[in-house]
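Visitor: Structure below; questions to follow.
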Amino acid sequence: MARSKGFDPDRVLDSAMHTFWKQGYAATSAQDLCEATGIGRSSLYGTFESKHGLYMRSLERYAEAGTAGLRGLVEAEGPVRERVRRLLTSVVEEEASQPGLGCFVVNAQIERAPTDPDVASVGRRSRQEVVDALVWALRAARADGEIAADKDPEALADFVHAQIGAIRLMGRSRADRATMEHVVDVAVAAL
């Protein structure tokens, strides 16, 4: 009979995610992970294989939840400008509520993506899902006459997504809410 784990893997992933998110991959030691999760190294690595394995599972968990939330805002009912404003405002709210922390996916892209193809892949996938939702919404808005016929939905989607990244970096550098809200206003006006 197989022994059951003496811990909840989801709780461990959440604890590890917050540790990696706050400290980054390089600055997080195995001991940090053991302290944060409350389990020993052998259990940690027996379940997640390695520090990198635990990092990737944590990053993927964060990315899936965050991407689903952003897509949900874009795919909601209502005028496209209102949906884009809600999307960007939600990013401002996140950043304002946790000054200096930033977004785990963006932080990972800066720290690890240049040398870690697995991390780069998570960032590309997350970005593409949000951009695809934006393109769909903006095409529909153009077809309905909500935005000008000469506007390129793909270019606008890339632009809006770039503003998400900009707001995330502003939050990481502790920009004030008003400055981040200016980005939202200009981005919505560009539609």
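Since every read-out is calculated from the coordinates, none of them should be taken as a lab result. Everything quoted here is computed from the prediction, not taken from an experiment. Cβ atoms come from the backbone with ideal geometry, glycine included; neighbour counts cover every protein chain shown.
Visitor: Mind telling me which of VAL91, VAL160, VAL135 comes out most flexible in a GNM of the chain, alpha-carbon contacts under 10 Å?
Guide: Looking only at VAL91, VAL160, VAL135, the biggest GNM fluctuation is shown by VAL135.
Visitor: What does the C-alpha gyration tensor say about the overall shape of segment 101-191? Classify as rounded when a/c is under 1.5, otherwise prolate if a/b is larger than b/c, or oblate.
Guide: Note, shape of segment 101-191 comes out oblate.
Visitor: Sticking with this one: Which residue, GLN128, GLN31, GLN23, tops the fluctuation ranking in a GNM of the chain built on C-alpha contacts under 10 Å?
Guide: The residue that fluctuates most here is GLN31.
Visitor: With label points built 7 Å along Cα→Cβ from the Cα atoms of HIS52 and GLU77, find their separation and express it in nm.
Guide: 4.8
Visitor: Given the options GLU77, GLU129, GLU93, which has the most mean-square fluctuation in a GNM of the chain, springs set between C-alpha atoms less than 10 angstrom apart?
Guide: GLU77
Visitor: A further question follows. Got a sec? Which residues in segment 25-67 would a label at SER90 touch, if it sits 7 Å along Cα→Cβ and we count backbone N under 13 Å?
Guide: Residues passing the 13 Å test: 64-67.
Visitor: Right, here's the next one. How large, in Å, is the chain by the Kirkwood hydrodynamic radius built from its alpha-carbon pairs?
Guide: Numbers: mean 1/r = 0.0557 Å⁻¹.
Roughly 18.0 Å, rounded to one decimal.
Visitor: OK, next. Cα centroids of segment 32-88 and segment 103-180: how far apart, whole angstrom?
Guide: Centre-to-centre (Cα) distance: 16 Å.
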